[in-house]
1. Could you list Met393, Met334, Met213 in order of exposure, starting from the residue whose Cβ has the fewest other Cβ atoms within 10 Å?
2. Can you give the extra length, in nm with one decimal, that the chain gains between Glu237 and Arg268 once fully stretched, where that is 0.36 nm per residue apart less the Cα-Cα distance?
3. Residue farthest toward the positive end of the dipole of the chain, with Cβ of Lys/Arg at +1 and Asp/Glu at -1: which of Gly232, Ile370, Ala190?
4. Going by average Cβ density within 10 Å per residue, which order do the peptides 301-313, 173-185, 152-164, 366-378 take, highest to lowest?
5. Could you list, in their original order, any pairs among Lys78/Lys216; Lys202/Lys391; Lys216/Lys253; Lys169/Lys204; Lys78/Lys253 whose Cα atoms are separated by more than 29 Å?
6. Using Cα pairs under 8 angstrom and six or more residues apart, how large is the relative contact order of the stretch 98-205, in percent?
7. What is the sum of charges around Thr338, taking Lys and Arg as +1, Asp and Glu as -1, for the other residues whose C-beta is under 12 Å from the C-beta of Thr338?
8. So for Thr40, Thr212, fewest C-beta neighbours within 10 Å to most, what's the order?
Amino acid sequence: MKQCARRSDTTRPDMTRRDLLAAGAVAGAALGLPSISKATAPASTVAIVRCRSYDQFSSCLSQGFNQIGGIGNLVRGKTVALKLNLTGNPARFPLTPDLPYRTDGHTVANTVHLLAVAGAKRVRIIESFFPATQDLSLWARYGIDVNAVNNMGTVVEWENVQNLGNYKKYVRLQVPWGGYVYPAYYLNQAFTECDVYASLSKLKNHWIAGVTMSMKNNFGDTPCSLYGGDCGPNGNENPTNERGDVLHAGTTKAPAGVDAELHPNSPRDPGYRVPRILVDQVGIRPIDLAIVDGVETVRGGEGPWLPGLERMTPGVIIVGRNPVCVDAVGMGLMGYDTRADRGTSPFIRGDNSLKLAEAAGIGTADLRRIEVVGLSIQQARINFGPGAVGKKMSEQ
């Protein structure tokens, strides 16, 4: 099968976990800052579409696709990987209709349908969750009608990328500019055994990253088998711990054979690490199509494990081909400054990932350079408040 478009030319051949572990930890490159391109970051058109109800999602998303020039040339005859945002273990955090912080099941079915109509020959639905198995019934816990999605007019595959999954090898992907935190990351092959990679995310605040949309959705690409807190020195194909110890805090090393950090003396601060790792993740697995669901969502954080979370109904869908541009437009309609520094809303606890991505040459965060079609940012704007401050807006 053809590998995903825009895959890094510096990717090493696929490796089994045994090969990976035998190789030993790969030393980082020089301890200086990553070599960041000084070329002007690209700008790309972004569409904002009014959508007040999930009953209208299919027609509204179709309108958004048309407004950015259509997706037929992108997906026709191709295998499309579609990354969802199903954050939070449903065993601890069951579906809560009053707090719509996860990818909505209607949006999955509608998006697959539109990809099929546009000519996609296969759609591979991707997410990482626990337990790390390929049991299809697990997807239904998130309100997704698996049977309905499987009958949308194209071949549909499902891959839980928390470990090797349906594959026998991991793939090592190098960060094109050298990396902010790691020089390379190992992922499930579902991310490269495709032609197009699409992100279906939510419009939300984030406790550490400030905002979470297209780019932050890539943070969940890393398998907990290699980057989870219980990965151990040799990896763990049955992980139960999330990435906090390895990626967020940097207090636990990744297993032998997985690339070591570039700068082991860098801050062990999640507010430093998370924004940089998520930009690294966008670098190794570029997003070809970014869809942000802002029909119904939450403000104040990414999930109900945080204080101050409350329901929001922006009633919009944001669509584009460049995730930095899409997220910048999302920030604008949330009422935030895309150039804001850490310590100012919404980047209360972490650095601005959009500026880091812009510096890496992925895309511009300058709203003056981004063509916005459909609704204007001003027409779509809704007050998300100061961000994840631990209080509802009525309590501030």
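1. Working: Met393 15, Met334 26, Met213 29.
Result, fewest neighbours first: Met393, Met334, Met213.
2. This chain segment gains 8.6 nm when fully extended.
3. Ile370
4. Highest to lowest by the protection proxy: 173-185, 152-164, 301-313, 366-378.
5. With Cα atoms farther than 29 Å apart: Lys169/Lys204; Lys78/Lys253.
6. Answer for the stretch 98-205 is 28 percent.
7. Taking every other residue near Thr338 into account, the sum is -1.
8. Arranged by neighbour count, lowest to highest, Thr40, Thr212 become Thr40, Thr212.
Coordinate-derived values only; no laboratory data. The structure presented is a predicted model; accordingly, all values stated were derived computationally and were not measured. Note that we place each Cβ from the backbone using ideal geometry, even for glycine, and neighbour counts take in every protein chain shown.
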